[in-house]
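Please read the structure below before turning to the comments.
What follows draws every value from the coordinates through simple rules; no lab data is involved. Since this is a predicted model, take the numbers as computed values, not measurements. Every residue, glycine among them, receives a Cβ derived from its backbone with ideal geometry; neighbour counts consider all protein chains shown.
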Amino acid sequence: MKSSLSRRHIFNQIFLYSAAILLALWTLAPLYLIALAAFSTKEAVFQWPKLFLPTAFSTETMAFFVSSTGVLDSVWNSVVVALVTVAASLILGAPGGYALARFRFRGRDAIQLGFLVSKMFPTAILSVPLAVAFLQMDLYDTIWGVALMHTAMALPFVIIVTAGIFVGVPRDLEEAAQTLGCNRLQAFLRVVAPLTIPGLAAAAIFTFVLSWNEVFAATILTLRNRTLPAQVLSGLSGSPLYYRYAGGFFMILPAVVFIFAIRKYLLNMWGNIVR
Amino acid sequence: MRVRSESILPYGLLAPTLIFIVLLIVVPIFQAFLLAFQTAEGEFTLIQFQKMLADTSFADAMKFTFLLLMFIVPAQVVLALIMALLIHTRFKGHTLFLYIYALPLAISDLASGIVWLSIFTERGFLNSILFQLGFLERPFLFLSYQNLPAMFGTIVVAESWRATAIVMVILLAGLQVIPRDYFEAADVFGANTLKRTLFVVLPLLRPSLQNALIIRTIFAFQTFAVVLALAGRVIPVLAGESYNWYALNRNANIAAAYATLVLIFTVIATVIYFRLLRTTAAEAGFD
């Protein structure tokens with residue numbers, strides 16, 4: 001009886017780990033392959049059959065991509081847009097998140113519902129009229145226009161996530177600080193803010209990745225001042241394969257590193273958004 | 001006086017965001033309606049929608065958008081459910097696997113399309129390995145208009161690969177709020193893993209499952225860059241047509257008509273979402 005139980009246990013464990021490893025391979029193998037394709041010679045991209053080991057390792061295709069017209073500018077644009085988006089959405093959104101976390105007030109549920117709903121509007125319905133409006137306001141084809149749009153897209157997310165972060169700080173701490181002579185702002189800055197910095201940093205990084213990856217609005221709102229995804233997208237049909245591979249990898253690498261850096265916060269963040 | 005300032009404070013804190021959202025989300029939506037429903041002279045018209053319907057790509061765009069949705073969403077949910085259930089057993093080393101499964105969260109649909117392009121293209125990795133294993137004598141053209149089902153399949157694979165991570169995280173968050181007692185009770189009654197999953201875990205996970213399903217459905221209506229990367233314009237989709245009409249043809253009116261259609265489908269899905277969620281949260285017994 002006992003041995004059959006433990007045999008079943010071992011069988012279960014083997015099954016569990018095989019499934020887990022198989023799914024990990026499904027996730028990781030494509031990332032390995034695009035890295036392989038992005039770091040090879042131009043000839044290796046068209047080689048038949050392809051090799052699966054980095055025997056043709058070379059920075060040739062990557063160097064070609066980076067030195068192509070407009071690419072470095074677009075990388076710079078992407079970074080600026082993402083940084084502006086992070087700063088603007090946190091400065092605008094975090095106070096709102098704090099309000100939702102700390103106060104009971106009339107219309108609170110309606111406002112919260114409004115944020116949830118505004119997250120769901122398709123990008124197309126926002127970017128097409130904004131492009132028309134930006135044309136009249138001289139914001140079309142500027143990185144500021146894209147940053148405005150990205151901030152609007154990120155705000156509902158930032159509000160909901162920061163509300164979740166502020167809920168996690170016990171109210172007692174804040175009240176204790178106030179009884180010890182801090183006013184509300186001081187209590188916030190000296191007690192609440194330091195405790196929430198890791199969570200806010202994770203939200204900031206996630207917002208950065210949202211903006212870094214966004215392609216539809218960025219392409220609609222620009223013509224020459226492209227962000228990186230807009231640059232790669234508009235070149236899809238006219239560019240050689242190795243340019244696209246290098247561009248794909250170039251977009252993925254920082255995002256994956258960032259997401260890995262905030263891995264511990266991911267579950268909490270999504271748990272908050274979903275509920 | 002103090003009470004007064006306290007009661008105004010939350011509105012003050014929310015005001016900047018609300019103003020921003022009104023200016024950059026609410027106003028644009030009304031402007032999109034104006035673009036879609038108004039003539040240059042400001043009269044109501046359906047001409048943009050008639051032009052949209054007459055567009056040669058319209059029927060295909062509708063067909064492929066809904067087909068993609070029907071394949072992608074279930075594939076993502078099933079795959080993510082397996083991942084989440086595996087992680088939730090908390091086997092040794094499960095956190096490492098969680099982080100691996102979550103990695104595609106960082107990847108855009110455009111990048112995902114390019115990743116799978118390197119695999120499915122004529123001299124790509126898939127053809128290479130099938131050739132080396134002796135299954136093929138020459139490359140199979142996955143990405144040719146002559147093999148439309150194969151091309152469609154590559155998009156389903158790429159989207160499933162990318163967005164499964166999001167669904168997995170949602171489902172795992174849902175699993176973690178299910179009280180442990182439920183699992184233990186099932187064990188006491190001698191349920192095996194499969195039975196426990198089917199009859200205890202899945203019903204309790206219904207709110208999260210439906211949540212994930214509808215969120216993915218809403219975003220599936222917007223599928224765009226991954227299609228463009230893998231299929232070019234051979235497989236049109238609604239969001240892609242909106243993009244084409246504005247970015248290539250400089251026609252904001254028809255682009256807005258397509259966008260309005262996507263919005264209508266999104267609203268329908270959202271209404272269903274809130275309806276279903278309300279009933280099931282109560283059914284599940286904990287909220």
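Taking 0.36 nm per residue of sequence separation and subtracting the Cα-Cα distance, how much length would be gained by fully extending the chain between B:L23 and B:N147, in nm to one decimal?
Taking 0.36 nm per residue and subtracting the Cα distance, the gain is 40.1 nm.
Distance in nm between label sites at A:L223 and A:R104, each 7 Å beyond Cα in the beta-carbon direction?
5.5 nm
Excluding residues fewer than 8 places away in the same chain, name every one of the aspartates and glutamates whose C-alpha is closer than 17 Å to that of B:K195.
B:D181, B:E184, B:D187
Between A:I21 and A:S239, what is the FRET efficiency for a Förster distance of 41 Å, r being their Cβ-Cβ separation, to the nearest 0.05?
Values: r = 36 Å, r/R0 = 0.88.
With R0 = 41 Å, the Cβ-Cβ based efficiency is 0.70.
Which aspartates and glutamates have a Cα less than 17 Å from the Cα of B:K63, not counting those fewer than 8 places away in the same chain?
Excluding near neighbours in sequence, the set is B:D55, B:E241.
Exposure proxy check: A:H9, A:H150, B:H94, B:H88 ranked by fewest other beta carbons within 10 Å?
The most exposed by this proxy come first: A:H9, B:H94, B:H88, A:H150.
If you take the Cα atoms of chain B, find Rg, then find the Kirkwood Rh from the mean of 1/r over all pairs, what is Rg/Rh?
Using only Cα positions, Rg/Rh for chain B is 1.05.
With a Förster radius of 35 Å, plug the Cβ-Cβ distance of A:F57 and B:V234 into 1/(1 + (r/R0)^6) and report the FRET value to the nearest 0.05.
About 0.55, to the nearest 0.05.
Evaluated at 37 °C with a viscosity of 0.692 mPa s, what Stokes-Einstein diffusion coefficient in µm²/s does the protein assembly as shown have when Rh comes from the Kirkwood expression over alpha-carbon pairs?
Rounded, D is 130 µm²/s.
Under a cut-off of 25 Å between alpha-carbon atoms, report the lysines in cross-link reach of A:K264, not counting same-chain residues fewer than 8 places apart.
Straight-line reach from A:K264, under 25 Å: A:K119, B:K92.
What residues from segment B:18-48 fall in the zone where the backbone N is under 11 Å from a label point 7 Å along the Cα-to-C-beta line of A:L116?
Correct set: none at all.
Can you put B:S144, A:S68 in order, fewest other beta carbons within 10 Å first?
B:S144, A:S68
Using the 10 angstrom Cβ neighbour count as an exposure proxy, how do B:T89, B:T217, A:T123 rank, fewest first? Numbers along the way, then the final one.
Values: B:T89 11, B:T217 20, A:T123 23.
By the 10 Å Cβ count, ascending: B:T89, B:T217, A:T123.
Suppose we look only past 19 Å in the calculated P(r) of segment B:1-139. What percent of the Cα-Cα pairs does that tail hold?
Value for segment B:1-139: 79 percent of Cα pairs lie more than 19 Å apart.
What does the structure give for B:143-152 when I average, per residue, the other chain Cβ atoms found within 10 Å of the residue Cβ?
The mean count of partner-chain Cβ atoms within 10 Å per residue comes to 0.
Mean-square fluctuation check for chain B, GNM, Cα pairs under 10 Å: which of B:F221, B:F152, B:F189 is largest?
Comparing B:F221, B:F152, B:F189 in a Gaussian network model of chain B, the most mobile one is B:F189.
Once fully extended, how much extra length lies between A:N268 and A:Y32, figured as 0.36 nm per residue of separation less the alpha-carbon to alpha-carbon distance?
Full extension from A:N268 to A:Y32 adds 82.1 nm.
Quick one: what do you get for segment B:198-260 if you divide its Cα Rg by 2.2 N^0.38 Å?
Output field value: 1.60.
Please identify the DSSP H helices in chain B that span no less than 24 Å along the helix axis (Cα) and have a mean Kyte-Doolittle hydropathy of -0.5 or more. Intermediate values should be presented prior to the final figure.
Details: long enough: B:2-21 (29 Å, 0.89); B:58-88 (44 Å, 2.01); B:148-176 (41 Å, 1.52); B:202-220 (25 Å, 0.96); B:252-283 (45 Å, 1.37).
Span-like helices here: B:2-21, B:58-88, B:148-176, B:202-220, B:252-283.
Please pull out the direction-averaged projected area of segment B:117-240, using the convex hull of its alpha-carbon atoms, in nm² to one decimal place.
Seen from a random direction, the Cα hull of segment B:117-240 projects 10.5 nm² on average.
Amide H to amide H under 5 Å from A:L223: which residues, 5+ apart in sequence or cross-chain, H placed 1.01 Å off N in plane?
Those lying under 5 Å, H to H, from A:L223 are A:D141.
Using +1 at the Cβ of each Lys and Arg and -1 at the Cβ of each Asp and Glu in the protein assembly as shown, identify which of A:L135, B:N253, A:A56 lies farthest towards the dipole's positive end.
Positive-most Cα among the choices belongs to A:A56.
Can you divide the C-alpha Rg of segment A:1-128 by 2.2 N^0.38 Å and report the result to two decimal places? Spell out each step's value before the answer.
Numbers: Rg = 25.7 Å, N = 128, 2.2 N^0.38 = 13.9 Å.
Compactness ratio reported: 1.85.
If exposed means no more than 15 neighbouring beta carbons inside 10 Å and the site is in a DSSP loop, what's the longest run of chain B without any exposed GluC sites (Glu not before Pro)?
The longest uninterrupted stretch comes out as B:138-287.
Once the mean 1/r over all distinct Cα pairs of segment A:69-274 is inverted, what Kirkwood radius in angstroms do you read off?
Details: mean 1/r = 0.0541 Å⁻¹.
Kirkwood radius, segment A:69-274: 18.5 Å.
Taking H as built 1.01 Å from N, whose amide H comes closer than 5 Å to the amide H of B:Q38, not counting residues under 5 places away?
Those qualifying (amide H under 5 Å, at least 5 residues apart or on another chain) are B:T45.
What is the calculated FRET efficiency for B:M70 to B:S7, with r their C-beta to C-beta distance and R₀ = 56 Å, to the nearest 0.05?
0.65
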